[in-house]
1. Considering only protein heavy atoms, with the full assembly of protein chains and a 1.4 angstrom probe, order 52, 65 by accessible area, largest first.
2. Taking 35 Å as R0, compute the FRET efficiency from the Cβ-Cβ separation of residue 49 and residue 101 and round it to 0.05.
3. Going 7 Å from the Cα of residue 71 along its beta-carbon direction, which residues of the stretch 31-47 have the amide nitrogen within less than 12 Å of the resulting point?
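The values are calculated or read from the model by the stated rules, or taken from the named source; none is laboratory data. The shown structure was predicted, so the numbers you read here are calculated from the model rather than taken from an experiment. No Cβ is skipped: glycine too gets one built from the backbone with ideal geometry, and neighbour counts run over all protein chains shown. Calculation scope for accessible area: heavy atoms of the full protein, side chains included, ligands and nucleic acids excluded. Shrake-Rupley method; radii C 1.70, N 1.55, O 1.52, S 1.80 Å.
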Amino acid sequence: ANYWVWNKPRKGEEPMPDWGVDGDEIPPANHQGPKSVHVVFENKHPQKSLFLFWKSPEQQDDVFLGEIKANTPQGMNTFEGHVWHIRGQNDPSSKVLSTKVMSAEPRQHYTFKGKSSSEREDNEEL
């Protein structure tokens, strides 16, 4: 004999933890997940690189995601609530120069400048 059990939510219910795994599921209208964000981290220092780390919410570890060379922007896709650390070295134990927590704004831009740079006051000096 065959025995079949429905193990997915019915319309209007909260999504299951494996939502999206099957690929053909449509999120319920009331689904409120974290908002997607595009952020640009811009290094305006004339000579020094900065190093970008994402703080993993599960493990609380910093994950290295790239070097931001002098006078260069770096765009990233992330989510509301994600924590980013800017460091002066490619080492997760090095000093955190700046911490940014993503808001719900869909587009965000953070500029970091060197002490010798003459940028606007609303930029963060490192």
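1. 65, 52
2. The pair residue 49/residue 101 has a calculated efficiency of 0.95.
3. Output list for this probe position: 44-47.
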